[in-house]
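Here is the structure we will look at.
The values are calculated or read from the model by the stated rules, or taken from the named source; none is laboratory data. Small disclaimer: the values here were computed from a predicted structure and weren't measured. Neighbour counts run over all protein chains shown; Cβ positions are idealised from the backbone, glycine included.
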Amino acid sequence: MARLFLTPGQTFKWVRSAEVTEIIGTNENETVYVGEDARATFDSSFNRGGDVIYIEGVAALYAVALDGSNIHITSEAGASIFIPVGTAGTSVNFADLETTLRVEGTVVMLGAVEVTSAPGPVTA
């Protein structure tokens with residue numbers, strides 16, 4: 001597993017790897033660009049909200065499911081992206097769609113989509 005340590009407020013382009021990359025953020029807001037076939041795991045600092053994650057590719061190419069306290073975004077191209085969920089909201093953007101990942105009451109939402117343990121489309 002590769003590890004990427006971000007500095008406060010950093011923008012990092014691009015996480016592109018067949019190897020899993022653990023992305024370790026800070027208490028500041030970071031921006032990370034992830035390739036369409038990347039395997040990435042964001043650490044718990046990303047559940048504080050305010051960070052921005054760009055995922056290469058259109059949203060229709062991806063599926064999303066709840067996995068513990070993370071969402072798991074996958075694609076047929078090989079993407080496997082784990083992002084922790086929080087109440088403040090993290091921006092998760094695709095080439096054609098900007099969404100916010102957040103907890104609303106007891107429901108995890110990615111934009112207008114309720115995320116459950118069963119994989120479903122990213123778009124409503």
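A few notes on this one:
- Checked against the criterion of being touching a Ser or Thr at 6+ places or on another chain (Cβ under 6 Å), modelled with pLDDT of 95 or more and farther than 18 Å from LEU4 by Cβ, the candidates LEU110, LEU97 yield just one match: LEU110.
- Looking across segment 42-64, just one residue is in contact (Cβ under 8 Å) with a residue 60 or more places away in the chain, buried (at least 19 other Cβ atoms within 10 Å of the Cβ) and among the aliphatic types (A, V, I, L, M), and that is ALA59.
- Among all residues of segment 85-103, there is at least one that is small (Gly, Ala, Ser), more than 13 Å from the chain's Cα centre (by Cα) and within 19 Å of THR26 (Cα to Cα).
- Among the candidates GLY35, GLY25, GLY78, residue that is surrounded by 15 or more Cβ atoms within 10 Å (Cβ to Cβ), at pLDDT below 95 and of a type in the set (Gly, Ala, Ser): GLY35
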